[in-house]
Amino acid sequence: MTRVFYIIILALLPIVSHAQSIADLARKAETEKNPLSKYSITGSCHNGLYIVSEEEIVLSYNGDPVLLHVYGVVNDGGIVYIPKEYEQLELIKEGSTYEDNVYKCKKKGKWGLVNSTNSTLLSCEYNNLTNIGNNIWRTSKSGKYGYVRLNTTSNVTTLIPCIYESLGDYSSDSYIRATLKGKKGMINSQNKIIIPFEYSKVGNPCHTSNGNSIIWVEKDGMLGIYNDDGKELQPCDIDKAYILTENNSIELSYTDCPSTDYIYIVRNGLTGLISGSTFETIIPCMYEYLSPIKTNKAFYKANGKWGIIDTNNKTIQLAIYDNVEIAGSTLSEQKMPSMAFQSNMYVRNNGKVGMLKANGEDFIPVKYDSLGVYSDDMLVAKVGDKYGFLNEDGKETVPFIYPQAHDYSEGLAAVVNENGKYLFIDKLGSIIIKPKEYDRVGNFQNGTCKVYRKDKVWEIDREGKKVKDSTKKIGVKNVSQDKSNDDMYVENNNYTNDIEANNTLTPNTTPSLNFNDKFFQHQHIRVDNVIQQDKGEADSEMKYNEISDLKRQRLNGRIKKIGCSSYNKNDDPNGMGHGDESYEFEYDENGMLTKYSYEAPYVGDITFHYDNGKLISSSGYLGGSSFQYRKADKTTVDLIEKNKYGREEIVMTLYFYPNGIIKEKRILSSLVDPYNKTAIIKYDTNGIEIDDMPSYGDVISEKRDFHNNWTKRIFKDGREVIRAIEYY
C-alpha cells in the first residue's frame, strides 16, 4: 500500500511544478505593468507624490566618483516631478492642490528648498536650515545667520538676510539681538535696526512699570540705555548703575531689569539719579555721593561736605556740614540711618553742632559745642563748658550757666551750680528746688525723685521735701529679686565667683556716657545679675534677667558682632564633634540685626541676611539639603527644606511686623536646632532679638566683659557657650 502511495506522488510532481511556474510568470507580468516598479520608494504617498531613490555614481565634493543614493519625486503613474539629483529629500509641506508639495533638499552637502514642479525656492547653499514653526526657517551659511518665511508652495520671503554672526530667536512682535562685524545691536522682525551695531553687549528688552521697554547696552565697560523705539535714553558713558538701600548697594549690569523708583548712576566719578520707570535723568551726575531717597529728599556730598536736595534737584541745605548724625548713627557713604527725615538730625561743622527738622530745614543753628536729645520737650545743650536748655522750637529758654545738667522729666531738670550743689529748675529756668548737697540725683517719676548722699538714699517731692525715710545703702545679698534693677543702689564691691575669677559686678560709679556727645550724664545705675554656683552664697544669688543683653546695648556699648561657640561634652562622649556648634550675629550701628549664621556638624550651615530688620536673602544647607523661601502671606515666610528624595518640609517660619521688620522666628525642625525641636526667637519693633540665642537650660555660671555683657556661660545641662563680642 505504501509503495502505491509513493508512485502516485512521483507522478504528480511535474504537474505541480508546471502550475507554479505559470503563477510566477503571471505575477512578473503584472509587476512590469506597474510604472513605480523600477523605483525604490522611501516613504508613503503624500498628495499623490512619492520620494524615490536609486543608486547612482556621482561626483563627490572633491571630484571623485562615488556610489550614492540619489533622490527624486514621482507620482503614482511614474511621471518624474523632481529628477533624482539630490543627496537627500524631506517633505516639509503639502500644498492645497493635488501634486503640490515642498521639499527640503540637499545637494553637494548644502541645503535648500524645492517644490514639486522642480522650482528652486531656496538654492542649496546653506549649511543648515531649521524650521522654527509658523513656516519660519532659520538659515545658516558660512557662520552667518538669517531667517526666511515659506509663504506658499511656490514663494519664499527673506525676513532677515543671512549676514549676522549671531542672531537671537525670531519673533514678529519683539526685538532680536544680533552681531554684525563683531559688534552687538538689535533689530526688529523686519530687519530694521533698533539699536546700532556698536556695542560689546546688549541686554534683553526690559519691561518697565509704565508699560514701555528699555534695553541696556555696554561698550568699553560703560553702560547706556535705549527705549523700545530705539531712542537713546542714557548715553553709553555710565561708569556704574546701582540700586541703593539704607544698608546695601546692588550694582546693575546690562542683563538686569530693576523694579525700583530710582536708579543711581555714576559718570566721571560723580553721582546722579534717573527714574526707575522712564529712565530719564532726575538729578544730573554732579555729586560725590547721593543717599537713598526718603520722603522725596536725599543727602548729597559735594567737596567733602553734606547737604540736602529733593528729587527735583532743588537744594534744601547747602553742602556745608562735616557730618550728619541721626538716631545715634552717623551718615556715611556706606549707610544711611533708618530714621533719616523722620526725626531731628544733628549736623556738625567746624566742631560745632546744630539740628535740622525732619523736613531738612534749619531748626537749631550750628553754634553749640554739644547737643543732647529731647526729653520732656526740652534739649540740653553746651556752649564752652556751660550747659543750658532749648525748648521744642529750638529757642534758648534756660541760660548757659551750669557746669552740669540732667534731662527734664515731669517739667523739672536737675542742674549743678558753681558750688557743686544740685538744684531743680523748671522749663523757663526758674529755681523750683533750692541747691542741696547730694552725691547724685535721679529723675522725677510720679511726682518724686530719688536723691543720694553718702550712705543714704531717699525720695523728695516737687518742693524738695523728703517724702520717704532714709534708707541705708544695701549690699547685693540684700537685694530683692522681685524689684527692678533700676531701683537698686549697690555698694562698690567686687563679688568673685568660685568658678570664674573674673566674674565681677560693674563698679558703682555715676557713668558719663559719650553717645556722640549727646548724653552728658546718665542717671540709671544698673546692677547686672551675677549667678553664683556656690550654694553657700545662695543669699547673694540673683535671678538671671531674661531681657536680652542686646536690649541693653545702648547702656553697655553698641554691639557690632557676636561670635558664639558652644560645646556640650554630654552630647559628645566620644569626642566626635557632635556637641560642637557655633552662631554668629552682626548688627548695624542702630542695633539692627544684619546677619545671622549657624553651623553644626551633621546638621547644617545656614546664613540669613537682613536689611533694616527685613530678611533679604539666605544661603546654605540644612541636614545636607538645600532650602528655599515660600511667601505664605504679606507678613509670613516659610523656609522650605527639600531633601535628596524630593520631600519638602517647613523647617522655619518667619513673621514680620507690618513695616517689614522681622517679628518672630519659629524653628520647626531639629535640622535647624538639634537641641530644640521647636524654638521661638522674638524681635522687638526695632528688629533687635529679645533673646539673642536659644536657651539650653538654667545658667549656673557666667563671665562678663567690660561692658557687662556676658562672654561665657556654663549651663546646668553641661553646655559651655563662649561669646566673642566686638563693639563699635
Any residue on another chain or 5+ positions along whose placed amide H is under 5 Å from the amide H of D439 is listed here as Y452, R453, K454
In region 345-423, which trypsin sites (Lys or Arg not before Pro) fall in coil by DSSP and have 13 or fewer other Cβ atoms within 10 Å?
-> K395, K421
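Kindly identify region 354-437 as rounded, prolate or oblate by the Cα gyration tensor criterion: order the square roots of the eigenvalues as a ≥ b ≥ c, call it rounded if a/c is under 1.5, otherwise compare a/b with b/c, prolate if a/b is larger, else oblate. Could the numbers behind the result be given before it?
Numbers: a/c = 2.77, a/b = 1.72, b/c = 1.60.
The shape class here is prolate.
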Along region 316-329, what does the Karplus equation 6.51 cos²θ - 1.76 cosθ + 1.60 (θ = phi - 60°) give for ³J(HN,Hα), rounded to whole Hz, x for Gly and Pro?
-> 9, 9, 4, 6, 10, 9, 5, 7, 10, 10, 10, 6, x, 10
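Take the alpha carbon gyration tensor of region 302-382, find the square roots of its eigenvalues, order them as a ≥ b ≥ c, and report rounded if a/c is under 1.5; if not, report prolate when a/b exceeds b/c, else oblate. List each step's numbers first, then the result.
Working: a/c = 1.60, a/b = 1.41, b/c = 1.14.
Prolate.
Restricting to DSSP loop positions (anything but H, G, I, E, B) with no more than 14 other Cβ atoms inside 10 Å of their own Cβ, which GluC sites (Glu not before Pro) remain in region 366-473? Walk me through the intermediate numbers first.
Details: sites: E392, E396, E410, E418, E437, E459, E463; in loops: E392, E410, E418, E437, E463.
Passing sites in region 366-473 are E392, E410, E418, E437, E463.
Rounded, prolate or oblate for region 40-126? Axes are the square roots of the Cα gyration tensor eigenvalues, ordered a ≥ b ≥ c, and the cut-off for rounded is a/c under 1.5. Intermediate values should be presented prior to the final figure.
Numbers: a/c = 2.59, a/b = 1.47, b/c = 1.76.
It is oblate, given that a/c is not under 1.5 and a/b is not larger than b/c.
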Here region 253-270 yields Karplus 3J(HN,Hα) values (6.51, -1.76, 1.60; θ = phi - 60°; whole Hz; Gly and Pro given as x) of 10, 5, 9, 7, 10, x, 10, 7, 6, 9, 10, 8, 10, 10, 10, 6, x, 10
Long-range amide H contacts for I432: which residues qualify at under 5 Å (H placed 1.01 Å from N, peptide plane, sequence gap of 5 or more or a different chain)?
-> F424, I425, D426
In region 204-297, the GluC sites (Glu not before Pro) that sit in a DSSP loop and have at most 11 other Cβ atoms within 10 Å of their own Cβ are E280
For region 293-299, Karplus-derived ³J(HN,Hα) couplings (6.51, -1.76, 1.60; θ = phi - 60°; whole Hz; x for glycine and proline) come out as 6, 9, 6, 6, 9, 8, 7
Quick one: which residues, 5+ away or cross-chain, put their amide H under 5 Å from the amide H of M355? H built at 1.01 Å from N.
-> V347, F363, I364
Multiply the residue separation of D310 and K395 by 0.36 nm, subtract the distance between their alpha-carbon atoms, and state the gained length in nm to one decimal.
-> 27.9 nm
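Which FRET efficiency value, to the nearest 0.05, do you get for N191 and Y98 by plugging their Cβ-Cβ distance into 1/(1 + (r/R0)^6) with R0 = 51 Å?
Numbers: r = 37 Å, r/R0 = 0.72.
Efficiency, from the Cβ-Cβ distance: 0.90.
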Holding the Cα-Cα limit at 22 Å, pick out from K395/K427; K84/K141; K301/K352; K382/K561 the pairs that are longer than that.
-> K84/K141; K382/K561
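Rule-based calculations on the coordinates, nothing more; no lab input. For clarity, every value in this text was computed on a predicted model and none was experimentally measured. No Cβ is skipped: glycine too gets one built from the backbone with ideal geometry, and neighbour counts run over all protein chains shown.
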